[in-house]
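The values are calculated or read from the model by the stated rules, or taken from the named source; none is laboratory data. Note that the structure is predicted; figures quoted are calculated from it, not measured. Glycine also receives a Cβ, built like all others from the backbone with ideal geometry; neighbour counts cover every protein chain displayed.
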Amino acid sequence: PVKRTETIQQQRTKLPVYSEEQQIMEAISENPVIVLSGETGSGKTTQIPQFLFEAGYGDPSSPNPGIIGITQPRRVAALSMAHRVSEELGNFGHTVSHQVRFDTNVSDDTRIKFMTEGVLLRELASDLLLTKYSVIITDEAHERSLNTDILLGVLSRVVRLRQKLSSENPEKTRPLKLIIMSATLRVDDFVKNTRLFQVPPPIINVQARQHSVRVHFNRRTPAPGQHLAEVIKKAGKVHQRLPDGGILIFLTGQAEIMYVCKKLREEFPTEAEREARKQEELARREQARQTKRKGGKQGGGYHAKATTVVPSANALEANVEDEDIDIGDYDMFNADGELQDDFTMDSESDSEEEDNIIVGGDDEEERRLLLSENIKGMPAKADAKGDGDKENANPAPLYVLPLYSLLPADQQLKVFAPPPPGMRLCVVATNVAETSITIPGIRYVIDTGLAKEKTYDAQTQVQSFEIGWTSQASSNQRMGRAGRTGPGHCYRIFSSAVFNDQFVKFSEPEIMRMPIEGVVLQMKAMNLDNVTNFPFPTPPNRSVLTRAERLLTWLGALDGKGHINDLGRLMSVFPVAPRFAKMLIVGQQHGCLPYVISIVAALSVGDPFIKEFNLDPDNISDAEIARLGFEDQVAASEARNMTNEEMAAKEQHRVSRRKYWNTQAKLAGTEPTSDVLKWLTVVGAFEYAGGTEAAAKEYYVRAKAMGEVRKLRGQLTNLVQMYCPGIDVAMDPRMPPPSKLQQSVIRQIVLAGFMDHVAVRGDIAGYQDPDEEANIKRRGMHAVPYITMWGSEPVYIHPESVAYIAARGSGSMPQTIVFAELQRTTRLWAKVVTIV
Ligand code: ADP
Ligand code: MG
């Protein structure tokens, strides 16, 4: 039997699903498929797997020996939930494992496995019957991620198949149970879709007590870029004026989160933070004194432009898995990588609230309580002046914690622990805290109303990440987080008019906004040939499916009848987009394979480079200075000796910018022809320099991204060895640079994967942009238009591309290019460009 600790047992009994155990387990044993809906925090994710475990699922000696699988759209949730359930299961904790793309602790003891949806989809490709499992739980189905939808379509068939096989030979095959879990009751697409489930699955709805939440809209919506300032101000006011209770802030991504955390910590430091800062300051002064004594001189020319507010360099972490999209800098910077003018912290905007609304809750008492609370103390005007006298006294500390996908697991788990005594918790999170993760003790929610979403235009095939208004449904979920443990408040940093007029009611299922050729290839590999008849919960447009099939046929993965062929099967074993798989397979000429593997790995992980605007000017080391040219060495050492700190910072910034661009030029090579080759160079150079944090710093790449590139290279190398007999390829992290011949072969291979991404310079294609001449005068060659094969809209080479360095050499922009990505901001940018 399971032995749980006293505390855990107590916490469990308070969860709404706990009292429903019997009803839920009965429904599961009587039905092949059930839908379980319940308010976030009611205990679905942590308890249902344990109910199943205690009912014998996963026990090799029971009638249901297969393990219990739980899928999550995000890996933060897969990791933290596995951790929690392991802890709750006490003496059976070791039977709980997780598996995400690059990380797993699955063992022979595993009975409960938390994984991302991608992991299960891959397993389906090699074992369509999912013979290892007796139950699959698809969690967070209300989010309607692309993978959830595909999984449900496939699983509905697997359930049927296992049922059939089991009725034929119960000894050999056991049925598979499917549990669809949702935080909302919006489950019609699953339940009423008879193509998906012929017999509609029963819905069990767990009732949870939701306390009332008072919603405060801003009277005015901050201008774009102003929302962070507004959030920081609001959090400060809540902290200083309102009774105890945790604060939860919803932002769109890691860069924003790091920035807001930093500002809040500066404003409301804990004892430890205050002390640390003091020590730092003392150390810095001491150092300055010492260098001065050694006879540094003062002054110098300061040509650096004033710097504005820029999130620190480490704010730019990798975005490596689909479920962890983090485009970080996108919103705050314009297409040329400059900080948007309006992204500053100091503007005063009017945050007066509108009349408030109280949502939910059953108690009249609660409502009165909420209304009587001192929230009148929040007018912005009085405050702008009134804060002055507070300045000197130390404000009460705030215990600020970030929460986003790529945060290390131990940091993520901090949000569940009670804050240090006497301190208020403030969690700054992405929408992972919307329904996947319930943070205890939250009473105040601050909602920017914004979310970062991958969008895709099937017509132009343009994929972009856009920060935009979330849906009303999501915003209401966010609000609900304030009412889990008692009545709460939700501050919406936008007006009710915006909420009513500009927020969609529900977001569209992701499948409607994604390129789906990878999915279609996986489906074909599972012999689900007729994709147009696939039981999608929400079927995508037929033309989108047809287009994906066309691309696959063109890449050589399908035969004329739309069936997968040997090449397609081979392509489907690689955990990368079909284009990249194609590059791997054609990449075997002239000893290019190790290079192509590295390129594909880098392209799959995503841009590894730190951008210039993320440079940290204060962090230039002696070693780095030693590598600079003479002039910059002088400037840097002068900068260090300046007494005027601000001047010194500016000068250092200038120096580090110089070093940054020198490095970029070096990586582009003497005859730059391709960004892909630059990426390849940096992969080799990074590994050659030891593959360390220091190496990453030297080459201005994100160490984390480079680590993932290395892992993926290893994985792809193994797959090539396994599936391409006769090919001998070994993984050597350090590669000698490719020869001239190899470089041109590589460019051909890139072309083979992206033949439909060719663009020709406007003048050659007969395209006339009426403003072209004026634009080129004003903006330089950035304004030279290119025409793609399919589009009527011109595209422009992104300013980061090495194509500009090449153009400087040749005096004109290249005639024909192939690009890996298109991104829309102020216009359509071709990124990761190769000159053909
Ligand atoms: P649901 O899936 O229905 O949203 P969960 O099972 O995720 O609910 O959460 C149930 C409860 O368990 C919540 O109150 C949550 O705060 C708590 N919880 C989850 N993970 C942890 C953890 N690592 N430490 C402490 N409490 C946790
Ligand atoms: Mg959950």
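Please work out which one of (1) within 16 Å of ligand 2 (Cβ to nearest atom); (2) among the polar types (S, T, N, Q); (3) surrounded by fewer than 21 Cβ atoms within 10 Å (Cβ to Cβ) is the condition residue 29 fails and give its number.
Among (1) within 16 Å of ligand 2 (Cβ to nearest atom); (2) among the polar types (S, T, N, Q); (3) surrounded by fewer than 21 Cβ atoms within 10 Å (Cβ to Cβ), residue 29 violates only (1).
Do we have residue 183 as under 19 Å from the mean Cα position of the chain (by Cα) and within 16 Å of ligand 2 (Cβ to nearest atom) here?
Answer is no for this residue.
Do you know which residues across region 728-747 are surrounded by fewer than 18 Cβ atoms within 10 Å (Cβ to Cβ) and part of a loop (DSSP other than H, G, I, E, B)?
Scanning region 728-747 gives 728, 730, 731, 732, 733, 734, 736, 737, 739.
Give the number of residues within region 805-833 that are over 25 Å from residue 577 (Cα atoms) and buried (at least 20 other Cβ atoms within 10 Å of the Cβ). Before the answer, list the steps.
Going through region 805-833, the residues over 25 Å from residue 577 (Cα atoms) turn out to be 805-815, 826-827.
Narrowing further to those that are buried (at least 20 other Cβ atoms within 10 Å of the Cβ): 806, 813-814.
Residues that pass the stated criteria total 3.
Please work out which one of (1) free of Cβ contacts under 8 Å to residues at least 24 places away in the same chain; (2) under 21 Å from residue 674 (Cβ atoms) is the condition residue 833 fails and give its number.
Of the numbered conditions (1) free of Cβ contacts under 8 Å to residues at least 24 places away in the same chain; (2) under 21 Å from residue 674 (Cβ atoms), the odd one out for residue 833 is (1).
State whether one or more residues within region 158-165 are outside any helix (DSSP H, G or I) and either of a type in the set (D, E, K, R) or within 16 Å of ligand 2 (Cβ to nearest atom) (or both).
Looking only at region 158-165, we keep the residues that are outside any helix (DSSP H, G or I), and these are none.
The answer is no, given that none of the residues of region 158-165 is outside any helix (DSSP H, G or I) and either of a type in the set (D, E, K, R) or within 16 Å of ligand 2 (Cβ to nearest atom) (or both).
Exactly one of these conditions fails for residue 91: (1) surrounded by 14 or more Cβ atoms within 10 Å (Cβ to Cβ); (2) polar (S, T, N, Q); (3) more than 15 Å from ligand 1 (Cβ to nearest atom). Give me its number.
Tallying (1) surrounded by 14 or more Cβ atoms within 10 Å (Cβ to Cβ); (2) polar (S, T, N, Q); (3) more than 15 Å from ligand 1 (Cβ to nearest atom), residue 91 fails exactly one: (1).
Given the conditions (1) without any contact (Cβ under 8 Å) to a residue 40 or more places away in the chain; (2) surrounded by fewer than 20 Cβ atoms within 10 Å (Cβ to Cβ), and given that residue 788 satisfies all but one, which numbered condition is not satisfied?
(2)
Going through 247, 232 one at a time, which residue ends up being under 22 Å from residue 498 (Cα atoms) and at pLDDT 95 or above?
232
Is it true that some residue in region 238-246 is within 16 Å of ligand 1 (Cβ to nearest atom), in a strand (DSSP E or B) and on the phi < 0 side of the Ramachandran plot? Give the derivation first.
Let us first name the residues in region 238-246 that are within 16 Å of ligand 1 (Cβ to nearest atom), namely 245-246.
In the following step, the residues that additionally are in a strand (DSSP E or B) were identified as 246.
With the extra rule that they be on the phi < 0 side of the Ramachandran plot, the set shrinks to 246.
Looking for residues that are within 16 Å of ligand 1 (Cβ to nearest atom), in a strand (DSSP E or B) and on the phi < 0 side of the Ramachandran plot, one finds at least one in region 238-246, hence yes.
Yes or no: residue 197 of a type in the set (Phe, Trp, Tyr), in a loop (DSSP other than H, G, I, E, B) and either within 16 Å of ligand 1 (Cβ to nearest atom) or over 15 Å from residue 38 (Cα atoms) (or both)? Give the steps one after another, and end with the answer.
Details: of a type in the set (Phe, Trp, Tyr): yes; in a loop (DSSP other than H, G, I, E, B): yes; either within 16 Å of ligand 1 (Cβ to nearest atom) or over 15 Å from residue 38 (Cα atoms) (or both): yes.
Criteria met by residue 197.
Looking at region 684-695, is at least one residue surrounded by fewer than 20 Cβ atoms within 10 Å (Cβ to Cβ) and β-branched (Val, Ile, Thr)?
Checked region 684-695: at least one residue is surrounded by fewer than 20 Cβ atoms within 10 Å (Cβ to Cβ) and β-branched (Val, Ile, Thr).
Would you check if there is a residue in region 551-568 being charged (D, E, K, R), modelled with pLDDT of 90 or more and within 28 Å of residue 102 (Cα to Cα)?
Quick first cut of region 551-568, residues charged (D, E, K, R) only: 559, 561, 566.
Subset that is modelled with pLDDT of 90 or more: 559, 566.
If we keep only those that are within 28 Å of residue 102 (Cα to Cα) as well, we get 566.
Yes, there is a match, as at least one residue in region 551-568 is charged (D, E, K, R), modelled with pLDDT of 90 or more and within 28 Å of residue 102 (Cα to Cα).
Suppose we keep only residues that are small (Gly, Ala, Ser) and near ligand 1 (Cβ under 10 Å from one of its atoms) within region 37-61. Which one would you say is surrounded by the fewest Cβ atoms within 10 Å (Cβ to Cβ)?
Going through region 37-61, the residues small (Gly, Ala, Ser) turn out to be 37-38, 41-43, 55-56, 58, 61.
Add one more test, that the residue is near ligand 1 (Cβ under 10 Å from one of its atoms), and what stays is 37-38, 41-43.
Details: 37: 20, 38: 25, 41: 24, 42: 24, 43: 24.
Across region 37-61, the extreme among qualifying residues is 37.
Quick check, is residue 725 surrounded by 15 or more Cβ atoms within 10 Å (Cβ to Cβ) and either over 21 Å from residue 606 (Cα atoms) or modelled with pLDDT of 85 or more (or both)? Please lay out each step first, then the result.
Working: surrounded by 15 or more Cβ atoms within 10 Å (Cβ to Cβ): no; either over 21 Å from residue 606 (Cα atoms) or modelled with pLDDT of 85 or more (or both): yes.
Here the answer is no, as residue 725 does not meet what is asked.
Is it fair to say residue 74 is within 27 Å of residue 416 (Cα to Cα), more than 16 Å from ligand 2 (Cβ to nearest atom) and surrounded by 15 or more Cβ atoms within 10 Å (Cβ to Cβ)?
No, not satisfied.
Quick one: how many residues across region 166-220 are of a type in the set (Ser, Thr, Tyr) and without any contact (Cβ under 8 Å) to a residue 40 or more places away in the chain? Step through it out loud before you land on a result.
Pass one, region 166-220, residues of a type in the set (Ser, Thr, Tyr): 166-167, 173, 182, 184, 194, 212.
Those still in the list that are without any contact (Cβ under 8 Å) to a residue 40 or more places away in the chain too: 166-167, 194.
So the answer is 3.
Can you spot a residue in region 46-62 that is away from ligand 2 (no atom under 15 Å from the Cβ) and within 26 Å of the chain's Cα centre (by Cα)?
Within region 46-62, none of the residues are away from ligand 2 (no atom under 15 Å from the Cβ) and within 26 Å of the chain's Cα centre (by Cα).
Report every pair of residues separated by at least 6 positions or lying on different chains whose Cβ atoms are under 6 Å apart, first residue within region 236-265 and under 17 Å from residue 404 (Cβ atoms), second part of a helix (DSSP H, G or I) and among the acidic types (Asp, Glu).
Short answer, once both residue conditions are applied: 265/273.
For region 754-770, give me each residue that is part of a helix (DSSP H, G or I) and either closer than 30 Å to residue 553 by Cα or within 29 Å of the chain's Cα centre (by Cα) (or both). Steps first, answer last, please.
Here is the first cut: in region 754-770, the residues part of a helix (DSSP H, G or I) are 755-757, 762-765.
Those that are part of a helix (DSSP H, G or I) and either closer than 30 Å to residue 553 by Cα or within 29 Å of the chain's Cα centre (by Cα) (or both): 755, 756, 757, 762, 764, 765.
Quick check: is even one residue across region 69-80 without any contact (Cβ under 8 Å) to a residue 40 or more places away in the chain and either within 9 Å of ligand 1 (Cβ to nearest atom) or closer than 30 Å to residue 253 by Cβ (or both)?
Of all residues in region 69-80, those without any contact (Cβ under 8 Å) to a residue 40 or more places away in the chain come to 78.
Among the residues that remain, those that are also either within 9 Å of ligand 1 (Cβ to nearest atom) or closer than 30 Å to residue 253 by Cβ (or both) are: 78.
Checked against the condition, which is being without any contact (Cβ under 8 Å) to a residue 40 or more places away in the chain and either within 9 Å of ligand 1 (Cβ to nearest atom) or closer than 30 Å to residue 253 by Cβ (or both), region 69-80 yields at least one hit.
Could you list, ordered by first residue, the pairs with Cβ atoms under 8 Å in which the first is in region 31-44 and closer than 14 Å to residue 18 by Cβ and the second is assigned to a strand (DSSP E or B) and within 6 Å of ligand 1 (Cβ to nearest atom), at least 6 apart or interchain?
44/38
Out of the residues in region 22-36 that are among the aliphatic types (A, V, I, L, M) and in contact with a helix residue (DSSP H, G or I) (Cβ under 9 Å, 6 or more places away or on another chain), which is farthest from ligand 1 (Cβ to nearest atom)? Steps first, please.
Looking only at region 22-36, we keep the residues that are among the aliphatic types (A, V, I, L, M), and these are 24-25, 27-28, 33-36.
Adding the requirement that they be in contact with a helix residue (DSSP H, G or I) (Cβ under 9 Å, 6 or more places away or on another chain) leaves 24-25, 28, 33-36.
Numbers: 24: 12, 25: 16, 28: 16, 33: 19, 34: 15, 35: 14, 36: 9 Å.
Looking at the filtered set, the residue picked out is 33.
Which condition number does residue 690 fail, the rest of (1) in contact (Cβ under 8 Å) with a residue 12 or more places away in the chain; (2) assigned to a loop (DSSP other than H, G, I, E, B); (3) within 30 Å of the chain's Cα centre (by Cα) being met?
With (1) in contact (Cβ under 8 Å) with a residue 12 or more places away in the chain; (2) assigned to a loop (DSSP other than H, G, I, E, B); (3) within 30 Å of the chain's Cα centre (by Cα) applied to residue 690, the lone miss is (1).
Among what's in region 166-179 and is aliphatic (A, V, I, L, M) and either in a loop (DSSP other than H, G, I, E, B) or within 13 Å of ligand 1 (Cβ to nearest atom) (or both), pick the residue that is nearest to residue 206 (Cα to Cα).
Keep residues of region 166-179 that are aliphatic (A, V, I, L, M), which gives 176, 178-179.
Still in the list and also either in a loop (DSSP other than H, G, I, E, B) or within 13 Å of ligand 1 (Cβ to nearest atom) (or both): 176, 179.
On the way: 176: 23, 179: 14 Å.
By that ranking, first place goes to 179.
Can you tell me which residue within region 217-237, out of those that are basic (Lys, Arg) and in a helix (DSSP H, G or I), is farthest from residue 489 (Cα to Cα)?
First, the residues of region 217-237 that are basic (Lys, Arg): 219-220, 233-234, 237.
Still in the list and also in a helix (DSSP H, G or I): 233-234, 237.
Working: 233: 16, 234: 12, 237: 13 Å.
Out of the qualifying residues, it is 233.
Considering region 108-122 alone, what residues qualify as being buried (at least 16 other Cβ atoms within 10 Å of the Cβ) and acidic (Asp, Glu)?
Passing the criteria: only 117.
Of all residues in region 183-192 being part of a loop (DSSP other than H, G, I, E, B) and not polar (S, T, N, Q), which is surrounded by the most Cβ atoms within 10 Å (Cβ to Cβ)? Spell out how you get there, then give the answer.
Initial filter on region 183-192 (part of a loop (DSSP other than H, G, I, E, B)): 183-187, 192.
Subsequent filtering for residues that are not polar (S, T, N, Q) retains 183, 185-187, 192.
Details: 183: 24, 185: 13, 186: 14, 187: 20, 192: 10.
By that ranking, first place goes to 183.
Residue-wise test of (1) crowded, with 19+ Cβ neighbours inside 10 Å; (2) of a type in the set (S, T, N, Q); (3) modelled with pLDDT of 95 or more.
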{"residue": "138", "(1), (2), (3)": "yes, yes, yes"}
{"residue": "146", "(1), (2), (3)": "yes, no, no"}
{"residue": "181", "(1), (2), (3)": "yes, no, yes"}
{"residue": "213", "(1), (2), (3)": "yes, no, no"}
{"residue": "220", "(1), (2), (3)": "no, no, no"}
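Taking the criterion of being assigned to a helix (DSSP H, G or I), of a type in the set (A, V, I, L, M) and touching a Leu at 6+ places or on another chain (Cβ under 9 Å), would at least one residue in region 261-282 satisfy it? Before you say what the answer is, go through the steps one by one.
Applying the first criterion (assigned to a helix (DSSP H, G or I)) to region 261-282 yields 261-267, 271-282.
Restricting the remaining residues to those that are of a type in the set (A, V, I, L, M) gives 264, 272, 276, 282.
This time we only want the ones that are touching a Leu at 6+ places or on another chain (Cβ under 9 Å), so: 264.
The answer is yes; a qualifying residue exists.
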